[in-house]
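Readers should treat all values here as calculations from the given coordinates under stated rules, not as data from a laboratory. What you see is a predicted model, and the numbers here were worked out from it, not measured in a lab. Note that we place each Cβ from the backbone using ideal geometry, even for glycine, and neighbour counts take in every protein chain shown.
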Amino acid sequence: MNEVRSPAFYALSLFFALFVLFLYGPTIVIFVLSFQGPTGGLTFPLNGISVHWFEKLMAGGGIVDIGSAFRRSLELGLVVMVLTVVLSLLAGLAFRKRFFGSNLLFFVTVASLIVPSIVTSLGIALEFRLLDDVIKNYGPAWIADGFQTSMGNFTSGLGAHLTWTLPFGLLVMFAIFNRFDGRFEEAARDQGATPWQTLRYVILPIIVPSLVGVGLFGFTLSWDEIARSSQVMGEHNTLPMELQGLTTTVTTPEIYALGTSTTTVSFAVIAVALFAIGLLRARQSRFGSDAGKA
Amino acid sequence: MPSRNLDRFGVPGWVQALPFGLVFALFFIVPLVLVVIVSFWNYNDYEMLPAFITRSYVESFDGCLTKLPDLCTIFKTYLSTAKFCLIVWVLTLFIGFTVAYYLAFYIRSQTTQMVLFLVCTIPFWTSNVIRMISWIPLLGRNGLVNQFLVYSHVINQPLEWLLYSQFSVALAFVHLFTFFMVAPIFNSMMRIDRRLIEAAYDSGATAWQMLTNVIMPLSKPGIAIGSIFVVTIVMGDFITFDVMGGEQIASAGKAIETRLSALQFPPAAANAVILLGATMLIIAVMNRIVDIRKEL
């Protein structure tokens, strides 16, 4: 392992550095520009430095109600996160056994990633529109009277987001259980642990850092989702949808301030998740087995 | 890997998988079936009418025979979308493979490897629209790139084609979706038995021979999975085309969205079925090259 680094290493390092610059450069640029002075425009130079555009954003300054869109996306993201963790974990456990239809379920899950989002979104929209028609025409009076729509953030919207986050959740579960040493469970079982005890005291403590990772996927993918959301959110748009609408209408750095705020939430969630994973890993190695150690 | 003993213990697998499966039944399978059904319905200005007619398909392919040898709208749209698929595929494959190769074979410490991989992953967890908007101050008429080029006398007039153009759409695709190449290819590379590399090295292979004769063939599963992701995303995209193309560039996904904003559901559904067919065709070809399930 001590041989001299080849020229290829330096060339590839440069390539990688440029790739990282390409990934992060633009984000850094709008981060800087969101602190544009009150008279500044959409591009450099900076006309002074201020939080003017953030203040304008908070004040709601004429553009759509960003505050409530922000809150809606946050709530939806949290619900999606919890459901993604729980359902992926259960499905991950199921796939370790053989069960009827497991191949089909796997196929459908992967298909959900691959089928264009706009198609899924259209399908869910049709489903709920037809459901609305059925309720209005055939539903009992106490439901049908004054009934508007069954479409909403937490019905059709939630479902649409889950078809996007759950496949990632399951793939992460596969990665976890492919590396999972089944002898731990067998040992627990040999000592007379019930299946529930094995899960609760053996499997879960080992995989919990990875479950945080699943939750991270669940929240961030929901927080930024647009394509699947586009047809199914009913009357209340989520934050990224509002943002997309603003790209054509807002021509001030306010949109950068909004971008910076949104990205900050993403980064905060990522940081908290990575920190939690690190803590949990450290705890595991502290309390872990000392077998084989001197 | 599954142990045979597990079957005899605990809750049956299908019960555990049931909630997961129900989500996909309710929000994926039923919707797709409805898309196919509604694509054969009739419609008027304000509602869809249950029927079994091919009106939406006929309208979608309008002029495809009569206009020959000129191409009809839908073929032009798909051709243009396919062109973007090809460009973005080539670029993301090259960049993604190079980055994954560097991470997997040139970074020796496992911690550094994970940190650098995370660096590539984090943008994937942030908003795509914001990452698109971020190019405006760089590529705009008065953006940094133009400012720099004019300042250094490379050009006299600011370039107009940097933003809201085919160029910016392709650039944004590469920017947003190279991760879908990096992750599976990196995963494939990490699973290559290092003894194979040593054996090649001991047999006198140069670094280039190692790359082309050992690593590339063994990375094929990752390459195939990444390619499927990238190609299907570009095929079905409408947001990137919209935001980065200045609403000027047609795409297969946008064709659906346009019909939807006019509340014409049956034609939108017919276009969705056509898009699905095109996408499945591509995947079928790719699946011939590699069995995805086996490689996870």
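The table below gives the values:
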{"quantity": "Leading residue by the ranking (farthest from B:SER168 (Cα to Cα)) among those in segment B:282-292 that are more than 11 Å from every other protein chain (Cβ to nearest Cβ) and outside any helix (DSSP H, G or I)", "calculated": "B:ASP291"}
{"quantity": "Unique residue being more than 14 Å from chain B (Cβ to nearest Cβ) and either hydrophobic (A, V, I, L, M, F, W, C) or closer than 17 Å to A:SER117 by Cβ (or both) when the list is A:ALA160, A:ALA141", "calculated": "A:ALA141"}
{"quantity": "Residue match in segment B:167-175 (condition: among the β-branched types (Val, Ile, Thr), facing chain A (nearest Cβ under 10 Å) and out of contact with any His (no Cβ under 7 Å at 6 or more places or on another chain))", "calculated": "yes"}
{"quantity": "Yes/no for B:TYR106 being of a type outside the set (S, T, N, Q), farther than 29 Å from A:PRO240 by Cα, touching a Leu at 6+ places or on another chain (Cβ under 8 Å) and surrounded by 20 or more Cβ atoms within 10 Å (Cβ to Cβ)", "calculated": "no"}
{"quantity": "Failed item in (1) within 11 Å of chain B (Cβ to nearest Cβ); (2) part of a helix (DSSP H, G or I); (3) out of contact with any Pro (no Cβ under 7 Å at 6 or more places or on another chain); (4) more than 30 Å from A:GLY123 (Cα to Cα), with A:LEU279 passing the rest", "calculated": "(1)"}
{"quantity": "Test: residue in segment B:269-282 that is surrounded by fewer than 24 Cβ atoms within 10 Å (Cβ to Cβ) and closer than 18 Å to A:SER229 by Cβ", "calculated": "no"}
{"quantity": "Where a residue in segment A:11-29 is under 21 Å from B:SER168 (Cβ atoms) and facing chain B (nearest Cβ under 7 Å) and its partner, wherever it lies, is of a type outside the set (Val, Ile, Thr) and not in a helix (DSSP H, G or I), with Cβ under 6 Å and at least six apart", "calculated": "A:PRO26/B:SER134; A:PRO26/B:TRP135; A:THR27/B:SER134"}
{"quantity": "Test: residue in segment B:209-226 that is touching a Gly at 6+ places or on another chain (Cβ under 7 Å) and not hydroxyl-bearing (Ser, Thr, Tyr)", "calculated": "yes"}
{"quantity": "Near pairs, Cβ below 7 angstrom, 6+ apart or cross-chain, from segment A:200-219 (within 14 Å of chain B (Cβ to nearest Cβ)) to any residue that is part of a helix (DSSP H, G or I) and of a type in the set (Asp, Glu)", "calculated": "A:VAL202/A:GLU185; A:ILE203/A:GLU185"}
{"quantity": "Residue identified as surrounded by 13 or more Cβ atoms within 10 Å (Cβ to Cβ), in contact with a helix residue (DSSP H, G or I) (Cβ under 7 Å, 6 or more places away or on another chain) and either over 25 Å from B:GLY236 (Cβ atoms) or within 14 Å of another protein chain (Cβ to nearest Cβ) (or both) among B:ASN128, B:ASN142", "calculated": "B:ASN128"}
{"quantity": "Wholly within segment B:165-281, helices (runs of 4 or more DSSP H) carrying at least 1 residues that are free of Cβ contacts under 8 Å to residues at least 40 places away in the same chain and of a type in the set (Phe, Trp, Tyr)", "calculated": "B:166-177, B:194-202, B:207-210"}
{"quantity": "Condition check for A:VAL214: surrounded by fewer than 23 Cβ atoms within 10 Å (Cβ to Cβ) and assigned to a helix (DSSP H, G or I)", "calculated": "no"}
